[in-house]
Amino acid sequence: MTSIDVHELTKEYGTTRAVDSLTFSVRPGRVTGFLGPNGAGKSTTMRLVLGLDRPTGGTATIGGQPYATLADPLHRVGALLDAQAAHGSRTARNHLLALAVSNGMGPRRVDEVLEEAGLGQVGGARIKTFSLGMRQRLGIAAALLGDPEIVMLDEPSNGLDPEGIIWIRELMKRLAREGRTVLVSSHLMNETSSFADHLVVLGQGRLLADLPMQDFLDSRSRPRVRVRTTEPTRMHDVLTRKGYAPARSDDGRWVVEGAKAGEIGAMAAAEGIAVLELMDEQATLEQAYLDLTAGAMDFASAAASSTNQQKEA
């Protein structure tokens, strides 16, 4: 299997630098979430990887080769960048068939991906009659057509219903388990946290983070424990004696900053305090992402800007 390698990649549009000296790699066997605010350069980077734009500087390669030089591109890379790009007057099956024939594949593979995408019953329908979610499924089917080593998806959950979101999530994880390289751009933090193993985060065209998911979360939050016991007053005294500063939450639990559940559990056991609930808490992906990108947003609501100013004050 092959990787995507970006080295010192730069793209300028007039006086605007959309991508600024990016260097990162997307490796096989994991789902890499590609995150960043609007205008961060994610879509531009994906277009540069696929040879749809020319870089101002640097390189973007597929297994060491520029995409344009690949002899069998659909078998090497499957991509969904714009689900609305398919011609509305074509049927779903004919749209895929045209792609298949141009890459040496027959009708059987078209029928296979239509079924896999849940479109087997509407393959003869014109694309202009499709909902946004159905067009999205068709775009994903096209990306899978060549059984590619690399899959690149831009906002794949857009327009999908709950069943479709579960389907695409499990599909991406399966592709990674098979050893493929999977790059997924998304603005849905909760959804990304459910499938991504690794994160690449951009801000204003620059690389902000390139880390495994858990390392990214750990880097943006302090350890914290939430504990509920049969003897809250004794628990408070024990924690205070050990140098912690427990805070009582609205639900009656103690919140202990700078601690891990194992430490607090052992402490309670040594004192003979029965523990009813004990859990480590960590920043969500959304919280960690917003904390990282707070100063790298080209477009932010007035409320978000006010919050960021308060943090900096």
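All of the numbers you see were taken from the coordinates with simple rules; none came from a lab. Everything numeric in this text was worked out from a predicted model, so none of it was measured. All Cβ positions, glycine included, derive from the backbone under ideal geometry; neighbour counts span all protein chains shown.
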Inset, instruction - Calculate for the chain the 222 nm mean residue ellipticity that helices alone would give, adding -39,500 (n - 2.57) per DSSP H run of length 4 or more and normalising by residue count, nearest 500 deg cm²/dmol. - result: -10500 deg cm²/dmol
Legend entry - Per residue convex hull volume, Cα atoms of segment 222-281, in Å³: 70 Å³
Inset, instruction - At 7 Å along the Cα-to-beta-carbon direction for both Glu178 and Glu281, put a label point, then send me their distance in nm to one decimal. - result: 4.1 nm
Legend entry - Cα gyration tensor of segment 168-248 - equivalent ellipsoid semi-axes, whole Å, descending: 39, 17, 11
Legend entry - Listed values (1) 86, 48, 40; (2) 69, 44, 35; (3) 74, 48, 38, entry calculated as Cα extents along the principal axes in Å: (3)
Inset, instruction - Compute the long axis of helix 132-144 from its Cα atoms, compare it with the longest principal axis of the Cα atoms of the chain, and write down the angle in degrees, 0 to 90, nearest 10. - result: 70 degrees
Inset, instruction - List the aspartates and glutamates whose Cα lies under 12 Å from the Cα of Lys11, skipping any in the same chain that are fewer than 8 positions away. - result: Asp20, Asp53
Inset, instruction - Given the options Thr56, Thr32, Thr44, state which has the largest fluctuation in a GNM of the chain using a 10 Å cut-off (strictly under) for Cα springs. - result: Thr56
Legend entry - Within the chain, percent of DSSP bridges classed antiparallel, to nearest 5: 65 percent
Legend entry - Ranked list, fewest to most other Cβ atoms within 10 Å of each Cβ, for Lys42, Lys173: Lys173, Lys42
Inset, instruction - Please identify, among Asp250, Asp210, Asp218, the residue showing maximal mean-square fluctuation in a Gaussian network model of the chain using a 10 angstrom Cα cutoff. - result: Asp250
Legend entry - Rounded Å value of the spacing that divides the Cα centres of segment 17-78 and segment 148-203: 16 Å
Inset, instruction - Note down the magnitude of the dipole of the chain about its Cα centre, charges +1 on Lys and Arg C-beta and -1 on Asp and Glu C-beta and zero elsewhere, to the nearest 20 debye. - result: 420 debye
Legend entry - Relative contact order %, the chain, counting alpha carbon pairs below 8 Å whose residues are six or more apart: 21 percent
Inset, instruction - Go through Leu99, Leu119, Leu217 and say which Cα lies farthest out towards the positive end of the charge dipole of the chain; charges sit on Cβ, +1 for Lys and Arg, -1 for Asp and Glu. - result: Leu99
